[in-house]
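**Student:** Take this structure first; my questions come after.
A short reminder: the numbers here are calculations on the coordinates, not readings from a lab. Note that this is a predicted model, so its numbers are computed, not measured. As a convention, Cβ positions derive from the backbone with ideal geometry for all residues, glycine included, and neighbour counts pool all protein chains shown.
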Amino acid sequence: MFKHILLGIIVSLGFLQVNGLAQVVSGKAAPDFTLTDTYGHKHSLSDYKGKWVVLEWFNPECPFVRKHYNSGNMQSLQKQYTSQGVIWLSINSSAPGKQGSYTPQEFNQFMKSKGAGPTAVLIDRNGKVGRLYDAQTTPSMYVIDPQGILIYQGAIDNIPSADPADIKSAHNYVSAALDAAMSGKPVAVNTTKSYGCSVKY
């Protein structure tokens, strides 16, 4: 009985503990975190209560991430929604020495060279936040509403390929979730399986 009560409390907080890893649950509160950006400024999810937030796990060397950046797709999404007041946080959880573990300056250069427009690039070298959100691939996408509720998590779209040519015919889950929720409509799909390169913890 006690175990059932405890599980209910954990789920109500918005995440489950599975094999030592936290697993966020769509429809529940997104767990708070604090990370430092590439300019040395700290950002906490709770800082953005009252705003729409997108979390984007990325690795500049991953072909699936390159698909969306080389085509301009990710930048287009970033600029479209940040212009509407959405906070867009790009997070890198690559451990030191692993693929995609860049210096802050290298991350800034990557974003500048691609014409990207996230609100901030956050560095998660110890993988604590990535594991908290059970981010398994790059890209992995999360959408959080102004009340701090996770309304979408998973893949950026429904075609799991590294081919930029597939973007035009793909259904973008992130824009679908934002467009629906921001207009007061229910989100049709709130959880999908992400695709891409494994996060380099």
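**Student:** Which of the listed residues, 126, 116, 156, is farthest toward the dipole's positive end in the range 103-201, when Lys, Arg count +1 and Asp, Glu count -1 at the beta-carbon?
**Tutor:** 126
**Student:** From the phi of every residue in the range 149-166, what ³J(HN,Hα) in whole Hz does the Karplus formula 6.51 cos²θ - 1.76 cosθ + 1.60 yield, where θ is phi - 60° and glycine or proline is x?
**Tutor:** Computed from phi, the couplings for the range 149-166 are 8, 6, 10, 7, 8, x, 6, 6, 8, 9, 10, x, 9, 9, 8, x, 5, 7 Hz.
**Student:** Below 26 Å, Cα to Cα, which lysines can residue 112 reach? Residues fewer than 8 away in the same chain don't count.
**Tutor:** 42, 51, 67, 79, 98, 168, 200
**Student:** Got a sec to turn the phi values of the range 135-146 into Karplus ³J(HN,Hα) couplings, 6.51 cos²θ - 1.76 cosθ + 1.60 with θ = phi - 60°, whole Hz, x for Gly and Pro?
**Tutor:** Couplings: 6, 9, 9, 10, x, 10, 10, 9, 10, 10, 7, x Hz.
**Student:** A further question follows. Of all DSSP beta bridges in the chain, what percent run antiparallel (nearest 5)? Spell out each step's value before the answer.
**Tutor:** Values: 22 of 32 bridges.
Rounded to the nearest five, the antiparallel share is 70 percent.
**Student:** Out of residues 5 or more away from residue 140 or on other chains, whose amide H comes under 5 Å of its own, with H placed 1.01 Å from N in the peptide plane?
**Tutor:** Residues meeting the amide H criterion: 57.
**Student:** Can you give the net charge of the other residues whose Cβ lies under 10 Å from the Cβ of residue 187, counting K and R as +1 and D and E as -1?
**Tutor:** Values: positive: 185; negative: 145, 179.
Result for the neighbourhood of residue 187: -1.
**Student:** Shifting gears a bit: Could you state the angle between the C-alpha long axis of helix 104-114 and the longest principal axis of the C-alpha atoms of the chain, as a value from 0 to 90 degrees rounded to the nearest 10?
**Tutor:** Between helix and principal axis, roughly 60 degrees.
**Student:** While we're here: In whole Å, what three semi-axes, largest first, describe the equivalent ellipsoid of the range 44-94 built from its Cα gyration tensor (square root of 5 times each eigenvalue)? Numbers along the way, then the final one.
**Tutor:** On the way: eigenvalues 97, 44, 5 Å².
Square roots of five times the eigenvalues give 22, 15, 5 Å.
**Student:** Something else: Tell me, what HN-Hα J-couplings in whole Hz come from the Karplus equation 6.51 cos²θ - 1.76 cosθ + 1.60 at θ = phi - 60° for each residue of the range 49-60, using x for Gly and Pro?
**Tutor:** Per-residue couplings from phi come out as 4, x, 10, 6, 9, 10, 10, 10, 7, 9, 9, x Hz.
**Student:** Non-local amide H neighbours of residue 87 (under 5 Å, H modeled in plane, Pro and chain starts lacking H): which ones?
**Tutor:** Here 52, 53, 54 satisfy the definition.
**Student:** To continue, here is another question. List the residues whose amide H sits under 5 Å from the amide H of residue 149, counting only those 5 or more places along or on another chain, with H placed 1.01 Å from N in the peptide plane.
**Tutor:** 30
**Student:** Once you wrap a convex hull around the alpha carbon atoms of the chain, what is its projected area averaged over all directions, in nm²?
**Tutor:** Working: hull surface 45.0 nm².
If I average the Cα hull's projected area over directions, I get 11.3 nm².
**Student:** As I understand it, the value is the acute angle between the Cα axis of helix 73-82 and the longest principal axis of the Cα atoms of the chain; what does it come to in degrees, rounded to 10?
**Tutor:** So the helix axis and the longest Cα principal axis differ by about 60 degrees.
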